[in-house]
1. For segment 94-126, give me each residue that is surrounded by fewer than 18 Cβ atoms within 10 Å (Cβ to Cβ), part of a loop (DSSP other than H, G, I, E, B) and without any contact (Cβ under 8 Å) to a residue 24 or more places away in the chain.
2. Of the residues 406, 414, which is in the same structural domain as residue 325 (by TED's automatic domain parsing) and assigned to a loop (DSSP other than H, G, I, E, B)?
3. For the subset of segment 372-383 comprising residues that are buried (at least 19 other Cβ atoms within 10 Å of the Cβ) and free of Cβ contacts under 8 Å to residues at least 60 places away in the same chain, which member is nearest to the chain's Cα centre (by Cα)?
4. Residues that are part of a loop (DSSP other than H, G, I, E, B) and surrounded by fewer than 16 Cβ atoms within 10 Å (Cβ to Cβ): does segment 66-86 have at least one?
5. Looking at the structure I just gave you, is residue 202 touching a helix residue (DSSP H, G or I) at 6+ places or on another chain (Cβ under 6 Å), closer than 29 Å to residue 146 by Cα, assigned to a loop (DSSP other than H, G, I, E, B) and touching a residue at least 24 places away in the same chain (Cβ under 8 Å)?
6. Name the residues in segment 428-449 that are out of contact with any strand residue (DSSP E or B) (no Cβ under 6 Å at 6 or more places or on another chain), assigned to a loop (DSSP other than H, G, I, E, B) and under 21 Å from residue 34 (Cα atoms), would you?
7. Consider residue 16 against the criteria (1) in contact with a strand residue (DSSP E or B) (Cβ under 7 Å, 6 or more places away or on another chain); (2) in a helix (DSSP H, G or I); (3) without any contact (Cβ under 8 Å) to a residue 60 or more places away in the chain: it satisfies all of them except one. Which criterion is unmet?
8. Tell me the residue from 118, 178 that is over 21 Å from residue 244 (Cβ atoms) and at pLDDT below 90, please.
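The values are calculated or read from the model by the stated rules, or taken from the named source; none is laboratory data. Just so it is clear, the model here is predicted, and its values are computed rather than measured. Cβ placement follows ideal geometry from the backbone for every residue including glycine, while neighbour counts extend to all protein chains displayed.
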């Protein structure tokens, strides 16, 4: 059982009800063959679990900001819902900042962490009072100039890389020896440079590190936080004042994609941190977290209609409308990003019957466009639905426009006032006109007008 009494079975039951209701209410069907569904109740529960887990381990009165990593699910209604649940925003681009502002997230509850901030981005953040973590010495020099030219309310810090190692997925391991993020603490002279940077700048008050994401074990995440805390203590001791008052420990709690259970939980992580780094929670430091995938993944489902059911080499193949355009990582790196698939019949009811080894294919024109290969499921037939589970983060909101496939519509669901399931539109499905416009439709003759004079 998860915190707050939630169980994986409860989430699964809500999902099954929503798929059936989506078919009954016309959100899914022959003319709407793919949709993303978000469990509003589940999102609210995860936000409450996060707050409670860290409240349990922090001293009373400790300032704590939980900032959702917008990159995980960059949708304005999601950010607004999280804002209402007491969650801020961690942004890494002008676009993500614009989304957070559109959702009404206050600057004081926003953190900017991009590794490639331009002068204009830094200037805007400091003018708004948004917290900024400088990624490298060159960026800190830019901030120096901005701080000299105008007063800012922004809490400012430096991102460091504790270089504690990587996990099972290299692409999501941010604390390796050669990671592109932050100041690499174990490189020659780097630690002393960081200490002197704080000594020379009394306005630097935060220290930030993010050890990794999916594939990183809790022990490694905890080690990264411990190394960061030890550096904060050393800096304050060396310069003789409690200048660093807030430690940003990043996010990265991995998600269990193998079942409906939540594992690990926020409570497990918070308690592990308290045991390993008790001084971080004794009230001397404020705390910032930047969780993304762990807040949203379990609460999203992509449902796609089976357009055709066929056979190849003796293996059944269900050709659906969900593939690389919505599950890019899974299609290209299936070993690291496998997804569970649930089978539903044409009325949106869970399918039963003997499991059959089959492929679940997407609509894109290349052979590897598979949501699942050789998966044992009740046999999917034409008109059925295949649901890709745990896709609330880094899936349906990160469209990959292969074959100019349209972005699917996304709908949140919750219990209706009169029973049943109520839906709200989060994002409309992309139209063909929008695809043409985004592909330069307004400039159709732009290249033909560049032909050399006299050419045909």
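1. Residues satisfying the conditions are 106, 116, 118.
2. Exactly one of 406, 414 is in the same structural domain as residue 325 (by TED's automatic domain parsing) and assigned to a loop (DSSP other than H, G, I, E, B), namely 406.
3. Ranking the qualifying residues of segment 372-383, first place goes to 372.
4. Among the residues of segment 66-86, at least one is part of a loop (DSSP other than H, G, I, E, B) and surrounded by fewer than 16 Cβ atoms within 10 Å (Cβ to Cβ), which makes the answer yes.
5. Taking the combined requirement at face value, the residue does not satisfy it.
6. If the condition is that a residue be out of contact with any strand residue (DSSP E or B) (no Cβ under 6 Å at 6 or more places or on another chain), assigned to a loop (DSSP other than H, G, I, E, B) and under 21 Å from residue 34 (Cα atoms), then 430, 431 are the ones that fit.
7. The one condition residue 16 does not meet is (3).
8. That would be 178, the only listed residue that is over 21 Å from residue 244 (Cβ atoms) and at pLDDT below 90.
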